[in-house]
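Readers should treat all values here as calculations from the given coordinates under stated rules, not as data from a laboratory. None of the values given here were measured: they were computed from a predicted structure. Here the Cβ positions follow ideal geometry from the backbone for every residue, glycine too, while neighbour counts run over all protein chains shown.
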Amino acid sequence: MLNLTGKNALVTGIANNRSIAWGIAQQLHKAGANLGITYLPDDKGRFEKKVKELVEPLEPSIFLPCNVQDDAQIEETFKAIASNWGKLDILIHCLAFASKDDLTGDFSKTSRAGFTQAMEISTYSLTQLAGAAKPLMTEGGSIVTLTYLGGVKVIPNYNVMGIAKAGLEMSVRYLASELGPNNIRVNAISAGPIRTLASSAVGGILDMIHHVEEVAPLRRTVTQLEVGNAAAFLCSDLASGITGQVLYVDAGYEIMGM
Ligand code: NAD
Ligand code: 0WE
């Protein structure tokens, strides 16, 4: 059955107890994985303290700052994995960012700087982390990223993030093709809307959640732990034949046309 004992898993994207990455980390831990956790550092070190306290019960053997805009921090992270673990089995990419200005109003008004920032943090970072993980995944591996329906269909105000997610989903396919011969699988989970730090900062998210509760086949939204279960499955031998896919964990919303 689902068993991740002996597997080393790096989880990015935990900001607080509502983060999807926190739901994933808990399920990977439950399945027996050894965890490494990275967080986005801030000037005052507040994030570090909060995330450290949160993840303590999961006893991570690596806990490091990793801003994906900083090549040196990525290098430090993978150096620590090489020296502490020797090999990496699982990489969870669970981060995104666009300027708030670019998540409302006319998409055609997106600035060059805003477009570039969203693509760098939300899209390029997967390829960058996968490239760093590749030489450490010596016994094969599983890479999972988080995407959203707004990368495939137009969702009001998702704007530049939709373009970033479209690029992310295509990156999953190119990475799956390249890394497949090394028995490294690469998949995405397309989660339905969940209240998190990132989504709560978006105007109208509650209305969107209520819409999903009315329309989705399961008549509800999904939880971080449900996304975590799907991630644990994709990282396990149960999913050994699955790569390059986008798995919808959205209470069925994506199949509906009306
Ligand atoms: P969250 O705010 O908890 O997580 C976003 C994370 O991105 C944070 O931990 C933040 O620190 C990190 N981050 C931002 N910039 C970074 C940088 N430069 N370097 C390193 N880390 C950085 O919100 P979440 O909703 O859990 O988002 C996680 C992922 O799930 C994102 O990819 C998001 O697009 C995706 N997603 C979210 C929803 C939703 O409704 N919440 C739905 C589908 C997909
Ligand atoms: O991917 C996301 C969240 C992405 C996100 C959110 C923020 C808000 C705060 C990226 N960057 C920022 N930057 C900030 O300053 N989701 C899938 C959640 C989400 O975001 C939306 C949604 C949904 C759903 C934005 C507009 C419309 C719907």
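Quick notes on this one:
- Residue exposure sequence - C66, C235 - by fewest surrounding Cβ within 10 Å: C66, C235
- Long-range Cα-Cα pairs in the chain (distance over 36 Å), rounded percent: 8
- Judged by the gyration tensor of its Cα atoms, with axes a ≥ b ≥ c, region 51-94 is oblate; a/c meets the 1.5 cut and b/c is at least as large as a/b.
- Of the trypsin sites (Lys or Arg not before Pro) found in region 145-177, those that fall in a DSSP loop while having at most 12 other beta-carbon atoms within 10 Å are K153.
- Euclidean distance between Cα centres, region 106-141 to region 156-176, Å: 10
- Normalised by 2.2 N^0.38 Å, where N is the number of residues, the alpha-carbon radius of gyration of region 122-245 equals 1.14.
- Tally of Lys pairs whose C-alpha atoms are under 19 Å apart, taken over the chain, 8 or more apart or cross-chain: 13
- Residues whose amide H lies under 5 Å from that of A188, counting only those 5 or more places away or on a different chain, are T145, Q245, V246, L247; hydrogens are built 1.01 Å from N in the peptide plane.
- Sequence-ordered 3J(HN,Hα) estimates for region 131-144 from the Karplus curve with 6.51, -1.76 and 1.60 and θ = phi - 60° stand at x, 6, 6, 3, x, 8, 8, 6, 10, x, x, 9, 10, 10 Hz, glycine and proline given as x.
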